[in-house]
């Protein structure tokens, strides 16, 4: 919090610096690696991506999340997204782990597999073989 320095090195999720503006937590994020995407559709950014996130409480059970995204090398002007974030009040609600997409997982740890998933490489593009076993929806995951 309140650290003013630049990102020491580019990273997958960027370098976050936070401060408070009244009740709002403002998180300024820079230092992204240009190889990451916004989504699985391939919407990209450059190393100049700059994101300012705002988390504002609006009730004991809701936060308003807003992000301003700018990248002078990709977008003609900054753009914003906003959505409410809800606190789960259900009995036995669980926050599940988020798994990185297979490409990133394979890029970082694929060399450790007994049988690699990567079939071919074309430049920086890989073709992978992914097989998943999905349990029936009525199965409860225990931690």
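Data table
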| quantity | calculated |
| --- | --- |
| Quotient of C-alpha Rg and 2.2 N^0.38 Å, computed over the stretch 15-86 | 1.21 |
| Cβ-based exposure ranking for 76, 36, in which fewest neighbours within 10 Å come first | 76, 36 |
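Here, each number is a calculation from the coordinates, and none is a lab measurement. Remember, predicted model here, so these are calculated numbers, not experimental data. Note: ideal-geometry Cβ built from the backbone for every residue, glycine included; neighbour counts use all protein chains shown.
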